[in-house]
Ligand code: KE4
């Protein structure tokens, strides 16, 4: 469907009127903070409908969509096979609170694509999956300490809302009100891609350090490609050393692939590191977004010996009324069955590369310093001269320029993520014409 064929939207309220009305009944007018455009300024667009690679807002403005619901919409909006599966599932029942065959089918589908996992459990959000994986890692090791990295986001579970402490040896501080210091006292926050800090943290707090009571670190949780820093790769040397230190100290390596899962490669980011590092695999993995196809569904998994510590078999409790929801599993299963078809990922990867090359070529022609990177259907760009390798470098890039570019593109019908620290996403529905239109708009916007 071409963008001009999209249904016109004749709703009576403008985006600004809807935003004003929304703020009366919903805090900040949104149900998730990043949607409020506070990082880029301006009025958020209230989306009325979406089709293929496009979204239409309340005023009938049509956009080429590079958010894709922050990753899930890898097929584009309203893919016929997914729509049909969801409609059929809905007629069979929305939720039972009892097991279904389709949960088994989805689990088997995911496990067939992620060889590091032998079992998984379905939940309803990435936050829930990461929180559960963290509890499982602590239950499995009997340890409390964990390591995360500045700039990585793992959802809003209390223990993970942490910023770096004053020094390496000190533990994190809450990034949110309402999180007691005691809850984050066991969370160490290190600099992404910093091998020296890894070495020091394990020397100080690893097993056998002798320097603390409940010795050892339960887990290290990491975004293998940090999409919450826009697009920053964990270097192979860094990841190799992280794996070695975790193995040496009996610490579980938890890959948060909520964003990268089935998005950067059919085998997710871990398949990329397995190619670069012989025998590499994480101990636990967290998924979301793509595996739900736009419906509330996420998962976490690992080897059977660890997963069977979960209730009702083991002592680690975890539960959910809508976990494995029949309609959501239909959506996720249909999505995965489409993206694993031969040629899908090759085409998606080529589209994303074409998009990024086009934008960077426009920046070069306009004489604007811009760098970017992409993998599979995920990309990021920065107004800088070299690719940032950690959070502080990302935050040192030209934010004002980014925000001006964001709005200039939005005004030209191109919807990027409304924050310089967020990644972008291409779908199987984006056409060559969309990618060229985006590069052309970028040239106009950057010359403006
Ligand atoms: P959810 O609870 O939002 O489903 O997933 C949390 C989460 C966990 N891990 C990673 C790597 C994630 O990227 C996320 C959520 N990502 C954000 C985008 N940066 C979702 C958008 C939002 O918060 O509205």
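The values are calculated or read from the model by the stated rules, or taken from the named source; none is laboratory data. Remember, it's a predicted structure, so these values are computed and weren't measured experimentally. Note: ideal-geometry Cβ built from the backbone for every residue, glycine included; neighbour counts use all protein chains shown.
Residues 206, 210: which one is on the phi > 0 side of the Ramachandran plot and at pLDDT below 95? Even if it seems obvious, please write down each step before you answer.
Details: 206 fails: on the phi > 0 side of the Ramachandran plot.
Going through 206, 210 in turn, just one is on the phi > 0 side of the Ramachandran plot and at pLDDT below 95: 210.
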Q) List pairs: first in the range 35-53 and over 24 Å from residue 435 (Cα atoms) and more than 14 Å from the ligand (Cβ to nearest atom), second part of a loop (DSSP other than H, G, I, E, B) and at pLDDT 95 or above, Cβ under 8 Å, 6+ apart or cross-chain? A) 43/37
Q. So is residue 305 assigned to a strand (DSSP E or B) and closer than 29 Å to residue 280 by Cβ or not?
A. no
Q | Which numbered condition residue 355 fails, given (1) over 21 Å from the mean Cα position of the chain (by Cα); (2) assigned to a helix (DSSP H, G or I) | A | (1)
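Surrounded by fewer than 23 Cβ atoms within 10 Å (Cβ to Cβ), at pLDDT below 95 and within 16 Å of the ligand (Cβ to nearest atom): is that true of residue 127 in this structure?
So residue 127 does not fit the description; no.
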Q) Before we move on, is residue 299 in a strand (DSSP E or B), touching a residue at least 24 places away in the same chain (Cβ under 8 Å), buried (at least 22 other Cβ atoms within 10 Å of the Cβ) and within 16 Å of the ligand (Cβ to nearest atom)? A) yes
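Go through the range 241-271 and give me each residue that's part of a helix (DSSP H, G or I), more than 16 Å from the ligand (Cβ to nearest atom) and either in contact (Cβ under 8 Å) with a residue 40 or more places away in the chain or surrounded by fewer than 21 Cβ atoms within 10 Å (Cβ to Cβ) (or both).
Our first condition is that a residue be part of a helix (DSSP H, G or I); within the range 241-271, this holds for 241-249, 268-271.
Subset that is more than 16 Å from the ligand (Cβ to nearest atom): 241-249, 271.
Result: 241, 242, 243, 244, 245, 247, 248, 249, 271.
Just need a number here: residues in the range 136-158 that are away from the ligand (no atom under 13 Å from the Cβ) and in contact with a strand residue (DSSP E or B) (Cβ under 6 Å, 6 or more places away or on another chain). Break it down stepwise before answering.
Going residue by residue through the range 136-158, those that are away from the ligand (no atom under 13 Å from the Cβ) are 136-147, 150, 158.
After this cut, where a residue has to be in contact with a strand residue (DSSP E or B) (Cβ under 6 Å, 6 or more places away or on another chain) as well, the list is 136-139, 141, 143, 145-147, 150.
Total satisfying the criteria: 10.
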Q.
I want to confirm something. Restricting to the range 272-296 and keeping residues that are within 13 Å of the ligand (Cβ to nearest atom) and part of a loop (DSSP other than H, G, I, E, B), which single residue is nearest to residue 331 (Cα to Cα)?
A. 294
Q) Taking the range 219-240 as the search range and keeping residues that are assigned to a strand (DSSP E or B) and under 13 Å from residue 272 (Cβ atoms), which one is nearest to the ligand (Cβ to nearest atom)? A) 225
